[in-house]
Amino acid sequence: MIAVAATAEMDAEVLVVGSGAGGATTAAVLAEAGFDVLIVEEGEWVEQGSVVPFSLEQMDRQYRAGGVTVALGLPSIAYTEGRCAGGGTEINSGLYRRPPDDVLQRWAIDFHIREFENDEVQTIADEVEEAISVCTVPGTPSAPSDVLRRGAEALGWQNSEIPRWMKYPGKDTPADDSNIGQRQSMTRTYLPRAAAAGARLVVGCRIDALQMTSGFASEATTTLSDGRRGTIRFRHVFVCGGAIQSPALLQRSRISGRIGRSLAVHPTVKLAARFADELNVTDDVPVHQVKEFAPDLSFGGSASQPGLVALALSDQWSTFARAITDWRRISVYYAAITSEGRGRVRAVRGLRDPIVTYALTRRDRALLGSGLARLALLMLEAGAEEVYPSFRGAPVVRKRGDLATLGADFAAARASVMTVHLCSTVPMGEDTDKCGANSFGRVHGTTNVWVNDASLLPTAPGVNPQGTVMALAIRNARRFADAERPRG
Amino acid sequence: MASDSRLFQLDRIVGPFAELLLAEDLPLLPTGRRTEVVQFVQRKAAGIPSFTRFGVTVIGLFYRALVAVPGGWMVARILMSRPLPILGEYPRLIRSLSYAYIWERWPDTLPTGACP
């Protein structure tokens, strides 16, 4: 535990709000460059291994609002945010994807991002992969993961194992390395690095607003976990609270512009599939993904502890209920789309939490339906005996002929749509009609307020975004460090 | 006796509804377990973000008024069986939280709620 207790009055040369993929990397780069850095995290420090992954206890301790957060719409989309030291990196699947080159090029052109070189971003990605020990699982994949591989290969669909940030036993790893078997999340990597360079991390401290004068922020008002109010004085501030909390904080601080108007997500729909043999893994997720239809559509595996299997069956409980007794033979899978819809984040005076909305397009709805049908087909090809799609009125799928019924019965409004990838609420670039921040994350119309997290991604990248978030955050922090001289 | 403001607190609204829903869905769930599940749902509901909590409270009040009249539960069941936007989300939320808790806590629970 490297966190220190929050006090009512604090100060720093650079205040970093949030300690996830954006905040932790920003803090490490700036502290190592000699800046006096204070990282402020609203949640608590939860030691890895002290909670069961994907459990309700983890949701209580490490998720915002206990995991019950939703973007309102028809249908509403359930989403999750980390609220703990390390942010979302402590609770996500740990799967890593590089920033896609074609996406980076499109962003640079469409959003007028200056000095945005693919080579620079990819070189930083190399460093990130080293720092967080990105690698594939040694040995054979888990049975739920192999289902994706097997089904895709039977159909001739492109699939691969996705590496993750995890340290496994190996010839180059000492047997007594305390990181073995641990996810190399921010509490294991960049936060200790930032602390070693002198950064301070306080937990249990919410930033209520930044005090702005003519585009300049000089202090932040805070609420500590015991209810005390306080202030933090600073010279520069990096807002890294994620794609929901970052725009909400800027709005509460009366910063206007393209803030919170272009939320982008990867909506997903799910199904549960029952096989002949036991395959359920309660505390991990499959590492294979199927990318045959990427970037529009991709398939992967979800956490499948029995509570989550019951959840997947609950939309059509009257006919799916009997399957729950077979949960050891069931695993849950998802179809994710790259959505053309957009959402909004609005901070409302008097309300502690922002209002989040999201509107799927007609094309999104159709893609969710076709994605679910294709995923069901993949399950059948992998040997599933029965498939249970997660929407009200769904049929049990036992053979290819049932897929037509699935397609006909599906409606997005009846489905449990959710997402874990949220981004694009403060897009970066010089086009102020589209972008809330400049090419390096400084919020347009301000002189010392930066955003450096998933909010900056101009659109949803079509892949797990954490690698992209980290690479861009490091790029921007380095530009800042080059331009500003540390005080001391 | 509860004050007027307590009557509108979300835990007071979702608790009785969750009791009814669980009794209907999982009739053989032992009483002690049901109580534990309802307490979990109430605790989760209390943590819902502010605007969503307001919406859930309004819909919860609608269902509470509905089930308070003779035959109201039958009407509620019909509403719950339809894929209605907004109104349908409330029982879906209660059911999701309940089931996730039950099968994480007691994974061998039968579809009727009975212990094996």
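The values are calculated or read from the model by the stated rules, or taken from the named source; none is laboratory data. A quick note: this is a predicted structure, and the numbers were derived from the prediction, not measured. Glycine also receives a Cβ, built like all others from the backbone with ideal geometry; neighbour counts cover every protein chain displayed.
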#### Entry: Lone unmet requirement of (1) touching a residue at least 60 places away in the same chain (Cβ under 8 Å); (2) within 14 Å of another protein chain (Cβ to nearest Cβ); (3) in a helix (DSSP H, G or I) for A:V332
(3)
### Query
Can you name the helices (runs of 4 or more DSSP H) wholly within chain B that have at least 1 residues being within 8 Å of chain A (Cβ to nearest Cβ) and in contact with a strand residue (DSSP E or B) (Cβ under 9 Å, 6 or more places away or on another chain)?
B:50-68, B:89-105
### Task
Would you confirm whether any residue within segment A:40-54 is facing chain B (nearest Cβ under 9 Å) and either within 24 Å of B:G55 (Cα to Cα) or of a type in the set (D, E, K, R) (or both)?
no
### Query
Could you list, in sequence order, the residues of segment A:362-385 that are under 20 Å from A:A310 (Cβ atoms) and surrounded by fewer than 20 Cβ atoms within 10 Å (Cβ to Cβ)?
A:E385
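Can you go through A:F320, A:F238, A:F293, A:F299 and tell me which one is closer than 15 Å to B:Y99 by Cβ, out of contact with any Gly (no Cβ under 6 Å at 6 or more places or on another chain) and either touching a residue at least 60 places away in the same chain (Cβ under 8 Å) or surrounded by fewer than 24 Cβ atoms within 10 Å (Cβ to Cβ) (or both)?
Working: A:F238 fails: closer than 15 Å to B:Y99 by Cβ; A:F293 fails: closer than 15 Å to B:Y99 by Cβ; A:F299 fails: closer than 15 Å to B:Y99 by Cβ.
Result of the check over A:F320, A:F238, A:F293, A:F299: A:F320.
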### Task
Return yes when A:L351 is within 12 Å of another protein chain (Cβ to nearest Cβ) and either in a strand (DSSP E or B) or within 28 Å of A:V426 (Cα to Cα) (or both) and no when it is not.
yes
### Message
Here are the criteria: (1) at negative phi; (2) within 30 Å of the chain's Cα centre (by Cα). Tell me which single one A:A321 does not satisfy.
### Response
(2)
### Query
If only one of A:T446, A:T459, A:T432 is closer than 28 Å to A:V68 by Cα and touching a residue at least 60 places away in the same chain (Cβ under 8 Å), which one is it?
A:T459
### Task
Kindly provide the set of residues from segment B:20-50 that are of a type outside the set (A, V, I, L, M, F, W, C) and either crowded, with 18+ Cβ neighbours inside 10 Å or at pLDDT below 95 (or both), ordered by number.
B:E24, B:D25, B:R33, B:R34, B:Q42, B:R43, B:K44, B:G47, B:P49, B:S50
### Query
Inside segment A:383-423, can you point out the residues that are farther than 25 Å from A:N464 by Cβ and within 14 Å of another protein chain (Cβ to nearest Cβ)?
A:Y388, A:R392, A:G393, A:A394, A:D409, A:F410, A:A411, A:A413, A:R414
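Answer with yes or no whether A:V290 is among the β-branched types (V, I, T) and more than 8 Å from chain B (Cβ to nearest Cβ).
Details: among the β-branched types (V, I, T): yes; more than 8 Å from chain B (Cβ to nearest Cβ): yes.
The answer is yes for A:V290.
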### Task
Check off (1) farther than 30 Å from A:W327 by Cβ; (2) free of Cβ contacts under 8 Å to residues at least 60 places away in the same chain; (3) surrounded by 13 or more Cβ atoms within 10 Å (Cβ to Cβ) for A:E153 and give me the number that stays unchecked.
(1)
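If you go through segment A:336-350, how many residues are buried (at least 24 other Cβ atoms within 10 Å of the Cβ) and farther than 23 Å from A:S302 by Cα?
Adding up the residues that qualify gives 2.
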